[in-house]
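Below are the structure tokens for one structure; questions will follow.
The values are calculated or read from the model by the stated rules, or taken from the named source; none is laboratory data. Computed from a predicted model, the values in this text were never measured in an experiment. When we count neighbours, we look across all protein chains shown, and the Cβ atoms used for this are built from the backbone with ideal geometry, even at glycine. Surface areas here come from the heavy atoms of the whole protein model, side chains and all, with no ligands, DNA or RNA. Shrake-Rupley method; radii C 1.70, N 1.55, O 1.52, S 1.80 Å.
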Amino acid sequence: MIPGSFFNEMLDCGDRYNQWVEVALEYLPQAVLKENKDKLVFISTAQRDGCRIARHYCENREVILLSERILPKQGANEEQPEVRYFIFVVLHEVAHAIKKHKSPKYDQLTTEQNLAQEDAADALALEWFNEHVKARNIEFLKPITKEEIQQAERNNQALMEKLYAGG
């Protein structure tokens with residue numbers, strides 16, 4: 001991170017992972033990033049056992065908590081399915097934040113209302129991801145598909161179950 005840059009205020013995922021959030025944020029249209037750079041904060045517990053989220057963050061920014069399970073591992077690159085899914089998740093959560101989506105629990109959304117928000121965030125994240133890929137025009141970097149995302153979600157669900165079971 002560049003000292004004094006807005007990323008210093010925006011990223012709190014640990015030295016190993018802040019760079020990956022930066023990579024994911026590069027997939028946003030520049031106007032979206034510029035407009036929201038002071039309104040978002042990304043936090044992970046990847047390099048600590050717990051974390052109190054400072055009141056300053058909660059009062060002034062949309063807090064996006066990233067699971068350590070999806071953070072890219074050492075030596076990862078953007079063409080790997082796990083990294084592509086991580087980037088998609090970051091974009092998906094940014095979409096929720098900038099669209100001011102409501103909390104399913106605290107705003108008592110119906111299942112249909114929640115699904116509509118999820119579909120809208122998915123669609124915007126897919127659009128941002130694939131527009132970025134198209135603009136970069138790099139042979140190895142392919143557009144992401146709904147099927148790829150669904151497979152990654154299934155993989156992560158299985159991992160969550162394995163961790164819960166003590167495996």
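Is it true that Val41 is touching a helix residue (DSSP H, G or I) at 6+ places or on another chain (Cβ under 9 Å) and assigned to a helix (DSSP H, G or I)?
Against the criterion (touching a helix residue (DSSP H, G or I) at 6+ places or on another chain (Cβ under 9 Å) and assigned to a helix (DSSP H, G or I)), Val41 does not qualify.
Taking interchain pairs and intrachain pairs at least six residues apart, which have beta carbon atoms under 6 angstrom, with the first residue in the range 22-37 and over 14 Å from Glu127 (Cα atoms) and among the basic types (Lys, Arg) and the second modelled with pLDDT under 95 and open to solvent by 60 Å² or more (accessible area, probe 1.4 Å)?
What qualifies is Lys37/Phe6.
For the range 9-19, which positions are under 18 Å from Arg48 (Cβ atoms) and either open to solvent by 60 Å² or more (accessible area, probe 1.4 Å) or outside any helix (DSSP H, G or I) (or both)?
Leu11, Asp12, Cys13, Gly14, Asp15, Arg16, Tyr17, Gln19
Please work out if Tyr57 is open to solvent by less than 80 Å² (accessible area, probe 1.4 Å), of a type in the set (Ser, Thr, Tyr), modelled with pLDDT of 95 or more and not in a loop (DSSP other than H, G, I, E, B).
no
In the range 154-163, how many are open to solvent by less than 80 Å² (accessible area, probe 1.4 Å) and modelled with pLDDT of 95 or more?
Total satisfying the criteria: 0.
Is there a residue in the range 20-29 that is assigned to a strand (DSSP E or B) and either more than 26 Å from Leu159 (Cα to Cα) or not basic (Lys, Arg) (or both)?
no
Might you let me know whether the range 134-145 holds any residue that is part of a loop (DSSP other than H, G, I, E, B) and under 14 Å from the mean Cα position of the chain (by Cα)?
No, the range 134-145 contains no residue that is part of a loop (DSSP other than H, G, I, E, B) and under 14 Å from the mean Cα position of the chain (by Cα).
So which residues in the range 60-76 are open to solvent by 60 Å² or more (accessible area, probe 1.4 Å) and outside any helix (DSSP H, G or I)?
Glu62, Leu65, Lys73, Gln74, Gly75
Quick one: count up the residues across the range 128-141 that are touching a residue at least 60 places away in the same chain (Cβ under 8 Å) and open to solvent by 50 Å² or more (accessible area, probe 1.4 Å).
2
Give the residue, chosen from Glu79, Glu118, that is open to solvent by 40 Å² or more (accessible area, probe 1.4 Å), of a type outside the set (A, V, I, L, M) and part of a helix (DSSP H, G or I).
Glu118
For the range 24-35, give me the residue count where each residue is more than 11 Å from Phe88 (Cα to Cα), surrounded by 13 or more Cβ atoms within 10 Å (Cβ to Cβ) and of a type in the set (A, V, I, L, M, F, W, C).
2
What do you reckon, is Gln113 open to solvent by less than 80 Å² (accessible area, probe 1.4 Å), part of a helix (DSSP H, G or I) and over 25 Å from Ala135 (Cβ atoms)?
Considered against the rule, which asks whether it is open to solvent by less than 80 Å² (accessible area, probe 1.4 Å), part of a helix (DSSP H, G or I) and over 25 Å from Ala135 (Cβ atoms), Gln113 comes out as no.
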